[in-house]
Amino acid sequence: MATLQDIVGHLGRLRQTGLDKMLSQQAEASGFPPSFFFAIASRETNCVQELGDVQADGAHGVGIVQVDIQHAIALRARDDGSWRTNPAPLIALGAQLLAQNIQQVREAFPSLSADEQLKIAASGYNCGLTRAIAAVKNGKGSDVHTTGGDYGADVIARKAMFEQLMSEQQSACSAQQSATAS
């Protein structure tokens, strides 16, 4: 689990690279909170653009949200190196995959809270949505098949920390603007 200090560093890294804007735009366009997408990037890569999940045939995770090479766009980006210079298509695909997960979870579990639904959607991003939904329906919890057995729960914890930091920074900016205007 990440600490608040870890998340402070991750948010700073996102802002320094400009990836915060890309992630925010795609999250908002896909109908979910930017803090959730930041939390996915944080869990996947500590908010670093990288290749990951290295196996015998090379990296299987590509970019800041680790899109799997089972998707042609990720395989192509890995092989031609465009994941470094043009992360936007991978970020857009990651947002699309998450939005689809969220929609399917809402349909499967309409009575759950938004964060409970996001937790299952995040678990599905890691282990496959069919497995995450089946685990919940079988009373095991959505994280039973995830990396570390805590992926979804960790994403929701990170989301809360991102929201706290973003809210504090928004309040500080508003206060500073009010003081400057006076």
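Descriptive notes on the structure:
- Highest-fluctuation residue, E28, E44, E116 considered, GNM on the chain with Cα pairs under 10 Å: E28
- Here is what passes the span test in the chain: the DSSP H helices with alpha carbon length of 24 Å or more along the helix axis and a Kyte-Doolittle mean of -1.0 or above are 88-108, 151-181.
- Sequence-distant lysines (8 or more away, or on other chains) whose Cα lies within less than 21 Å of K119: K137, K140, K159
- Summary value for the chain: 19 percent relative contact order, contacts being C-alpha pairs under 8 angstrom separated by 6+ residues.
- GNM result for the chain, Cα springs below 10 Å: residue of V54, V105, V62 fluctuating most strongly: V54
- Global geometry of the chain, whether rounded, prolate or oblate, following the gyration tensor of its Cα atoms and the 1.5 cut on a/c: oblate
- Taking the Cα centre of segment 6-49 as origin and assigning +1 to Lys and Arg Cβ atoms and -1 to Asp and Glu Cβ atoms, the resulting dipole is close to 80 debye.
- When the Gaussian network model of the chain links Cα atoms closer than 10 Å, the mean-square fluctuations of S113, S35, S123 top out at S113.
- For segment 81-151, applying the loop criterion from DSSP together with a ceiling of 16 other beta carbons within 10 Å to the trypsin sites (Lys or Arg not before Pro) yields K140.
No value in this document is a laboratory result; all are computed from the given coordinates. Bear in mind that the values here come from a model prediction, so they are computed numbers and not experimental data. Cβ: placed from backbone, ideal geometry, glycine included. Neighbour counts: every protein chain shown.
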